[in-house]
1. So how far, in whole Å, is the C-alpha centre of the stretch 92-119 from the one of the stretch 134-184?
2. Per-residue counts of other Cβ atoms within 10 Å, averaged by peptide: what ranking do you get for 95-103, 112-120, 155-163, highest first?
3. May I ask you to compute the full-extension gain from ASN74 to ASN140, defined as 0.36 nm times their residue separation minus their alpha-carbon distance, rounded to one decimal in nm?
4. As a quick test, which of the pairs LYS61/LYS101; LYS54/LYS98; LYS57/LYS98; LYS66/LYS131 have an alpha carbon distance above 20 angstrom in this structure?
5. State the extension gain, in nm to one decimal, for the chain segment bounded by ILE127 and THR12, taking 0.36 nm per residue of separation less the distance between their alpha-carbons.
Amino acid sequence: MTYKNTIITSITMMAVLLAVWITLSFQPKQLVLPQAISQPDAVMEDVVTTMMNKQGKPTIKIITPKLVHYADNNTTHLTAPAVTLYRQSPQPWYITSKYAKATDGINRVDFWGNVIIRHTLIANHPITVIKTSTLTVYPNQQTAETNDPITLVQPNTLIKAIGMFADMNSGDIRLLSQARGEYVPTS
């Protein structure tokens with residue numbers, strides 16, 4: 001009986017091993033590819049660039065100590081940018097921040113980190129300074145927006161709000177919610 005049991009056990013073990021080998025042999029292999037890391041196609045330092053419209057008038061000027069462009073998604077990362085947006089009226093808008101990212105050329109520019117927007121005095125309009133943590137600018141449409149808290153300062157006026165939409169051509173600024181203003185007289 002022991003000889004018969006040994007043969008049956010051996011045949012059973014060989015059948016199990018054969019089944020395991022067949023199962024593992026014909027499983028599709030999972031190919032593990034290294035994570036694709038986007039590499040910049042251009043890195044520039046101490047950049048000063050001015051873009052012009054078809055009539056040869058400046059539309060935007062960008063000054064940044066470092067610019068990194070990625071071709072695979074056509075984005076440009078800017079460090080400490082100072083951007084001047086020229087508009088139809090004579091006085092431009094100035095935007096500074098710690099960082100910015102331009103998408104699809106300059107169709108959309110996202111600023112973040114201590115964003116400050118300045119607009120100088122024109123005609124009867126006072127100087128305007130707006131501070132926020134993030135801002136999205138659409139240079140071609142000449143608009144800017146944020147959903148974050150803002151502080152808007154004009155002579156004798158301090159306004160805090162949540163969110164803003166600005167039409168940079170007309171100079172109109174729409175505060176989205178929770179706007180509270182203070183009159184601060186000059187001494």
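All of the numbers you see were taken from the coordinates with simple rules; none came from a lab. Just so it is clear, the structure is predicted and the values come from calculations on it, not from any experiment. All Cβ positions, even for glycine, are placed from backbone atoms using ideal geometry, and neighbour counts span all protein chains on display.
1. One Cα centre to the other: 14 Å.
2. Details: 95-103: 19.3, 112-120: 17.8, 155-163: 14.7.
Result, highest mean first: 95-103, 112-120, 155-163.
3. On the way: separation 66, 0.36 × 66 = 23.76 nm, distance 1.69 nm.
Going from the current span to full extension adds 22.1 nm.
4. Pairs exceeding the cut-off: LYS54/LYS98; LYS57/LYS98; LYS66/LYS131.
5. On the way: separation 115, 0.36 × 115 = 41.40 nm, distance 9.02 nm.
Gain on stretching ILE127 to THR12: 32.4 nm.
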